[in-house]
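Undergrad: Below is the structure I would like to discuss, written out as structure tokens.
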Amino acid sequence: MIKQTITTLFIAAVSFVTFSQESAYVEPWTFEQCVNYALDNNISVKQQKLNVNYRENQLLQSKYNLAPSVNANVRHNFNFGKSTQSDNTFINQNSQSTNFALNADVVLFNGFAKQNTIKKRQLELEYTIHDLNKIKNDITLAVASAYLQILFNRELVDITKQQIDVTKLQLIDYNKKVDAGSMPKGKLFETEAQLANEELTLTNYENELFLAKLNLIQLLELESIEGFSIVTPQFDESLLDISILKAETVFSKALEYRPEIKSKEIKLKSMEYETKISKAQLMPVLSAYAGYNNFYNNKYMKDTILKMPLSDQLNLNAQTTVGLQLQIPIFNGLSGKTNLKNSKISYQSAKYDLELEKNNLLKEIQQLNADAIAAMKKYYSSKKAVESYEEAFRYIQEKFNLGIVTPLEYNEVKNNLINAGSSFIQSKYEYLFKVKILNYYNGEEIKL
């Protein structure tokens, strides 16, 4: 009965997990769902969150280090041979003794090393959080790119299917004409070859769509691609008729809030405190301490007959100590001076890291701006090309219906229209993505 119950619970658990995985694919995923899921499940994000927790613990510990340190010590001894008595005389006998000690010390001055350590740990926590935000930004952009790639490939698949449907209808009509003797069979073969070529193109587009879905699935850390689909957002074409932001404007705004820049700036500040901490190692350290010591010996005699009880021994042997200690560093293998030199080197390196990050950000924004402008030009030129090829196709279709042009000429114009449509779709999503990224660097949230 117990085995049956355990088996039933196990099957129910597996079924629940399976159902949960499948139920996630019941409805198409929106872009926002993809981003949120990726941020919740990405391994890099989880690792960086652990780094944030680690920095939080370091900051908390640095604050605790300001408190006095208190330690208790208990030691039990087995003494053989001569041992001292309560009157400081020696007697040749074995004995046992227990020592008690309670000590406390606090640093009064150490060049403000502990205070500067707290400030440094606070800055380390801040730039670690910015590093986490940088990872989240990168994942958001990666998901947006993969999402738009799926939309692009899906449109290509849909358009190719529509063209195949048109070609199949043509074949039905051509077969009737061939059977009626009003069309030579060679024209029918040309159209069949065209259909085979379109079906091959469809297969290639479907493969690219599958790979695009697989890329997004991997970004989301999902296990299966079966049944996964995304929502097709309703794009307002008027949104593409916008002025592209200047690179200089975006760069000025990005310097204010981009996490990779803030992280480098805060790291540079933390290096300043590292230098102050290194300087403190060369300064004297003033400490206050207090201690209480006592012990008990099982052979202590109160007189020639009676052993001294515990309470009497504790009153007799108690010792309290209070004092100050000044520790002056004289020579420690020049470690203090070496640490100070290295901290200055680290500070200079952090300055270069900040400059390099700013330069890379500027180059990235300039490239995005150039790509957006190029994509915009390609979008409008592709749009005009599609309109022109649509007119050409309508014209050739009328002539083809009248038998004035051959199927080869007809298919050539048709292929030009398909290629123009494919180029237009690609330019639309490329333009949209570049503008979205540029605006993202300017502080706007990516929305599809």
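The values are calculated or read from the model by the stated rules, or taken from the named source; none is laboratory data. Being a predicted model, the structure only gives us computed values, none of them experimental. Cβ placement follows ideal geometry from the backbone for every residue including glycine, while neighbour counts extend to all protein chains displayed.
Undergrad: Which members of the stretch 269-295 meet the condition of being more than 30 Å from Gln313 (Cα to Cα) and touching an Asp or Glu at 6+ places or on another chain (Cβ under 8 Å)?
TA: Answer for the stretch 269-295, where residues must be more than 30 Å from Gln313 (Cα to Cα) and touching an Asp or Glu at 6+ places or on another chain (Cβ under 8 Å): Ser270, Ser287.
Undergrad: Turning to a different aspect of this structure: With the structure loaded, tell me whether Asn317 is surrounded by fewer than 19 Cβ atoms within 10 Å (Cβ to Cβ) and in contact with a Leu (Cβ under 9 Å, 6 or more places away or on another chain) or whether it fails that test.
TA: no
Undergrad: Can I ask one more? Which members of the stretch 177-231 meet the condition of being over 30 Å from Leu448 (Cα atoms), touching a helix residue (DSSP H, G or I) at 6+ places or on another chain (Cβ under 6 Å), of a type outside the set (Lys, Arg) and outside any loop (DSSP other than H, G, I, E, B)?
TA: Val178, Leu188, Glu190, Thr191, Gln194, Leu195, Glu198
Undergrad: Quick check: anything in the stretch 237-258 closer than 30 Å to Ile43 by Cα and aliphatic (A, V, I, L, M)?
TA: Checking the stretch 237-258: at least one residue is closer than 30 Å to Ile43 by Cα and aliphatic (A, V, I, L, M).
Undergrad: Restricting attention to the stretch 68-119, and to residues there that are among the β-branched types (Val, Ile, Thr) and assigned to a strand (DSSP E or B), which single residue is surrounded by the fewest Cβ atoms within 10 Å (Cβ to Cβ)?
TA: So, considering only residues that are among the β-branched types (Val, Ile, Thr) and assigned to a strand (DSSP E or B), the one surrounded by the fewest Cβ atoms within 10 Å (Cβ to Cβ) is Val74.
Undergrad: Might you let me know whether the stretch 280-294 holds any residue that is within 44 Å of the chain's Cα centre (by Cα), in contact (Cβ under 8 Å) with a residue 60 or more places away in the chain and assigned to a helix (DSSP H, G or I)?
TA: yes
Undergrad: Hey, another quick one. Can you give me the number of residues within the stretch 174-188 that are more than 18 Å from Ile404 (Cα to Cα) and of a type outside the set (A, V, I, L, M)?
TA: Here the count works out to 3.
Undergrad: Just to be sure before I move on: is Asn153 surrounded by fewer than 20 Cβ atoms within 10 Å (Cβ to Cβ) and either farther than 17 Å from Thr232 by Cβ or touching a residue at least 12 places away in the same chain (Cβ under 8 Å) (or both) in the structure I sent?
TA: Criteria not met by Asn153.
Undergrad: Note down all Cβ pairs under 6 Å where the first residue falls in the stretch 185-202 and is over 19 Å from Gln162 (Cβ atoms), the second is aliphatic (A, V, I, L, M) and assigned to a helix (DSSP H, G or I), and they're at least six residues apart or on different chains.
TA: Lys185/Val178; Leu188/Val178; Glu190/Leu408
Undergrad: Separate question: What pairs can you find where one residue is in the stretch 399-418 and under 17 Å from Phe189 (Cβ atoms), the other is among the polar types (S, T, N, Q), and their Cβ atoms are less than 6 Å apart, with a gap of 6+ or different chains?
TA: Final answer for the pair search is Pro407/Thr191; Asn411/Gln194.
Undergrad: Could you figure out which of (1) in contact with a Ser or Thr (Cβ under 6 Å, 6 or more places away or on another chain); (2) at pLDDT below 90 isn't true of Ser343?
TA: Looking at each condition in turn, Ser343 falls short on (2).
Undergrad: Sticking with this structure for a sec: Here is a list: Ile277, Ile266. Which entry is in the same structural domain as Arg121 (by TED's automatic domain parsing), in contact with a His (Cβ under 8 Å, 6 or more places away or on another chain) and farther than 30 Å from Thr84 by Cα?
TA: Ile266
Undergrad: Please verify whether Ser422 is part of a helix (DSSP H, G or I), in contact with a Ser or Thr (Cβ under 8 Å, 6 or more places away or on another chain) and not aliphatic (A, V, I, L, M), treating the condition exactly as stated.
TA: Answer is no for this residue.
Undergrad: Yes or no: Phe433 farther than 21 Å from Asp371 by Cβ, among the aromatic types (Phe, Trp, Tyr) and either assigned by TED's automatic domain parsing to the domain that holds Leu188 or at pLDDT 85 or above (or both)?
TA: no
Undergrad: Right, Ile266: surrounded by 16 or more Cβ atoms within 10 Å (Cβ to Cβ) and either farther than 20 Å from Pro28 by Cβ or at pLDDT 90 or above (or both) or not?
TA: yes
Undergrad: Let me ask something else about it. Scan the stretch 49-65 for residues that are hydrophobic (A, V, I, L, M, F, W, C) and either in contact (Cβ under 8 Å) with a residue 12 or more places away in the chain or under 16 Å from Tyr127 (Cα atoms) (or both) and jot them down.
TA: Residues satisfying the conditions are Leu50, Val52, Leu59.
Undergrad: Take Asn411 and decide whether it is surrounded by 13 or more Cβ atoms within 10 Å (Cβ to Cβ), over 25 Å from Gln163 (Cβ atoms) and assigned by TED's automatic domain parsing to the domain that holds Phe152.
TA: no
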